[in-house]
Structure formats: C-alpha cells, structure tokens
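Report on the structure given below.
Just so you know, all these numbers are worked out from the coordinates, no wet-lab data involved. Predicted model only: the values in this text are computed from it and were never measured. Here Cβ is always computed from backbone atoms with ideal geometry, including for glycine, and neighbour counts include all displayed protein chains.
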Amino acid sequence: MKKETNKKNRVKSFILLLFIIMIVISFFVYQKNKLDKAKQQEAKRLEVLKKIEYINNTYSLFIEGQKIDKDDNLANFFNNNVDTHNKLSNLSIDELNIKHLQNIDKTINGLKERKKEINKIIYEKIDEHLKEYTKEEITAINKIYNNSIIIIEKEDNLKIKNNVLKQIDDRLSFLTFLKENQGNYYLNGSMIMGKNNEFVTKAKGYKTKFVIGNEFDYGKKIPILTYHAVDDTTWGDSGLFVKISDFEEQMKYLHDNDYTTLFISEITNALNYTNPVIITFDDGYMNIYTKAFPIMQKYNIKSTFYIITEWMDGYIFVSPEIVKIMDKSGLVEIGSHSLSHMKLGVNSFDSQEKEIKKSKDDLEQILDKKINSFAYPYGSYNIDTINLLKEHYSNAVTVESGFNFSKTLSLYKLRRQKISRGESINSFIFKIGG
Ligand SMILES: [Zn+2]
C-alpha cells in the first residue's frame, strides 16, 4: 500500500515538473514572439516614415500647372489633374457671330463636337488612388493635396465646365430654332430681323446676345456704303481699291434700279425717298476724283467724301482745289476724316479736340461753308470723341457694319457697309439692302 502511494507521488511530481517546464517554455516563447512583433512593428513604422518622407520630398515642391517627373500612382494622378486643370482653365466659348449664322448646320455640328470634347474632361477622385497607403501616409498626401490649387479649384473648374456646356446647349436650341424658321428672318449686321411678330416674340424667348428686331419696328432701312479707293492698279492694302469696271457696274445698278443716292447730311430725311443709299469715300484718294467721280457724274450719283486735311497733297490724295471742284459739282458733300488720321479713341481729350475741330476749320475755310459730317479714323472713338462730335458736327460715321433704320437713327454712330475689291454684284446688292 505504501509502495503504491510512493509510486503515485512520483508520477504526480513528474507531471507537476513537466507542467512547470511547459509554463517556463511557453513564457520564453511568448517573450520571444513579443519581441519579434515589436521589431516588426518598428520596421513597419520606419518604412512608413520613409514613405512619408518620400511623399513630402517628392510632392512638397508640387507647383500649380506643372507636372511631376515621377512615375508612381500619385504622380500620375497629379499629372492627369494638371492636364485636366489646364483644359478647364482654358475653357471658354467663342462669340457667336453673324458668320456662324450664315451656315447654321456647320455651326450646330461644331458645337456638338465641342460638347463631346468637353464632356470627356473628367477630374479623377483622389480616394481611388489612396487605397494602398496607410493612414499616416494619407495624412501626408492630403497635406499636399489640399494645398494644391488644382484641387482647391476643383469645384470652380467643374462650374466652368458646366457653365460652358450650358451655354452650348442654349446656343444649340437657339440655332435649331433659327434653322426651323429660315425664311422668317434675315441678318443685318449683328441683328436678326424678324419678318413677322410671331418669329420675333419666339426668338426673344431664347438666350442669345444677338439683337432680335422686327423689321417693321425700325422704319426705313438706310444703307451707307464705304469705299476707299477706286482704281485698277493698287498699292498698299489692295483690298481698298475697287476695280473701275466693278465700280461702274455698281453705280449703274443703283441708277437702273430706282435707288436714290443721298448726302450723309440728308440722312434724317431719308425715309421720304424710295430705296435711299448713302455712298461715302474715306481718306480722300485722288483716284476718287480721277476715276470714280466721272462715273458718278455719268449716272448722277451723290456721295460724301471724307478728307484728312493734313494729307491733301494733290498727288496721292486730293488737293484743296479739287475738294472745291467736287463740292461745286453739287454731287459731293465734303466731310472731315480728321487732321492726321489718328486713332481718336485712345488719345487725350485735347489732341482729339484738335483733330476734330482743326480739320473742320480747314475744310470750312477752303469751301466757305459749314462742314457737318465726320468719319472716325479706324472707327475709333470714346465718350470724349462723341461729346466733341456732338458739339461740332451733326453726324458721324463708324466702321461698324449693318444698316441704319429711320426710326432708330444713332446719328453719331452710323453704321456702314464696306465695299472691297472683288466684291460680287450680289454682295453689293445685299449691302444696299436689296
Ligand atoms: Zn481712314
């Protein structure tokens, strides 16, 4: 019995010992694992720090509009956004002008293409690119990301994009309306003149910069033509020289088709004439006297001749004597085109006053009669010019194209249609309102 008890005790002791050994071993294994884990964590921490340092060093020099010379996901993201940003910053919509309305189908197709291109512009979301980064790295990236103007402007850029798309849509619907209403309107300078009230009312409902008018509201159409030189041989800007035979064809057309040519100073009375047309010549070229004047005498055509008084050399430009002869003919009104052909709108009040007043005085002295009309050199004027003109003249002609209308005459901003070399007779007929 005792023997058995001893044996049992030994077994118990052995198990206990084994148990203690296992605990000790477990403790050491546990300690070792703990150490390894700490080492791993430290290694990872160092790796993250290194990555953050890399991100900071690589991207902290990130400059708006410039690409980063790296090839990793983040760099690619930034670089793509630089492209997108530049595209959006340059996004604007060109002025729709009368030329675009002359070929509506082409304009509509162009706008649709533009819309497609703009729709392709997409800002990438940064989140997609951050999946592989740790929390600390994302914080570092966000610091740069948020300081980037590209990203800050994101909202504004998208606004620009949507704005341009909206403008294109407005134009498309207006152009589609015009396309469906061809025959109900005609173009005049920057104005769209409706031939009936229904068209005008509908057209005014669209967003457009064009002035929509009703031809019946404006009274009589009064075209003013601008010529410079009339000669077969040219020098300088050849477009200014209308061929003699073309000029004769044009004058003959006016004569044969019941047009009434008027002096510029008769414009306020133009509504009393059938098909009034006002012919003007700028700059005072000698060939107007030698080549155009005989033709105008032949067809009994009246015109207004704008002289630059300091340029009257009797060689390239007319002399004071010729100005006198033309004035006495009863077919020519003389007007001023300034003293020295200065761009008035960009000059001081005093020099403008001299150009406007002295040239008038010069001509009045030559002709011993009042000079009433002025042509703006280069079509340039500002508020001072207009005020000076109102003080010294009764009217002034611009280089803005389009017709004038008897009920809405703007006497110091009269529109003119320019006749150039090579102008077809059909184009001429259009410009005299035919
Ligand atoms: Zn001129």
Quiz item: So what's Rg/Rh here for the chain, counting alpha carbon atoms and using the Kirkwood radius for Rh?
Solution: 1.44
Exercise. May I ask you to work out the translational diffusion coefficient for segment 180-330 at 20 °C, viscosity 1.002 mPa s, via Stokes-Einstein with Rh from the Kirkwood sum over Cα pairs, reported in whole µm²/s?
Key: 121 µm²/s
Exercise. Assign unit charges at the C-beta atoms only (+1 for Lys and Arg, -1 for Asp and Glu), then state the dipole size of the chain relative to its Cα centre in Debye, rounded to the nearest 20.
Key: 4040 debye
Practice problem: Using just the helices of the chain, give the 222 nm mean residue ellipticity in deg cm²/dmol: DSSP H runs with n ≥ 4 each add -39,500 (n - 2.57), and the total is spread over all residues, rounded to 500. | Solution: -16000 deg cm²/dmol
Practice problem: Report the calculated FRET efficiency for Ser319 and Lys159 (r = Cβ-Cβ distance, R0 = 60 Å), to the nearest 0.05. | Solution: 0.45
Exercise. Could you compute the FRET efficiency for Lys115 and Lys32, with r as their C-beta to C-beta distance and R0 at 60 Å, rounded to 0.05?
Key: 0.35
Quiz item: Once the dipole of segment 73-176 is set up with Lys and Arg at +1 and Asp and Glu at -1 on Cβ about the Cα centre, which of Gln102, Ile118, Ile160 lies farthest towards its positive end?
Solution: Gln102
Quiz prompt | Amide H partners (placed H, <5 Å) of Asn188, local residues excluded | solution = Met193
Quiz prompt | Distance in nm between pseudo-label sites at Lys354 and Gln40 (7 Å out along the Cβ direction from Cα) | solution = 9.1 nm
Quiz item: Suppose R0 equals 45 Å; then what is the FRET efficiency for Asn97 and Asp71 from their Cβ-Cβ distance, rounded to the nearest 0.05?
Solution: 0.50
Practice problem: Quote to one decimal, in nm, the extra length available between Ile122 and Lys50 on full extension: 0.36 nm per residue of separation minus the C-alpha distance between them. | Solution: 22.7 nm
Quiz prompt | Coordinate range along principal axes, alpha carbons of segment 73-176, Å, largest first | solution = 61, 20, 18
